[in-house]
Amino acid sequence: MADFVNDSGTLCEMGPIVDRRRGADRRKEIRMASKSSTATLCVAARSPVDVQIRDVSRSGLGIIAPSPVLIGSSVVMVCGGLTINGIVRHCRERLAGEYAAGIRITRIVDTGAGKEI
């Protein structure tokens, strides 16, 4: 263990820094894998693109897109009879030249029934 002095001038003991990315699942909700569901992703000022839904949770979606999506973008996804509004939380390039993105769901509307879920 190493010692250091913090901003208030107090001597503190510093332990090892834990890499939270390895082996730790920080997800707050259970995610369910999706069986080859496709959807149309609409982002402002871009043409709609078809995406693959990788997994679904109560508050988010994991998708595979053919091109990168800007983090923080507001998006609309149309999947079957649902319109899903959300915000892009992350987007990473995969080995196959496609992009894995996470979307936090802000609203879901059942277009057939015309009401919010």
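Assorted remarks:
- With the simple model of a label 7 Å out from the Cα in the direction of the Cβ, VAL76 to ARG46 spans 1.6 nm.
- Sequence ranges 106-114, 72-80, 39-47, ranked by mean other-Cβ count within 10 angstrom, highest first: 72-80, 39-47, 106-114
- Taking a ≥ b ≥ c as the square roots of the eigenvalues of the Cα gyration tensor, an a/c ratio below 1.5 marks the stretch 30-101 as rounded.
- SER37 sits among other residues whose Cβ lies under 13 Å from its own Cβ, and their net charge, with Lys and Arg +1 and Asp and Glu -1, is 0.
A short reminder: the numbers here are calculations on the coordinates, not readings from a lab. This structure is a prediction, so every number in the text was calculated from the model and none was measured. As a convention, Cβ positions derive from the backbone with ideal geometry for all residues, glycine included, and neighbour counts pool all protein chains shown.
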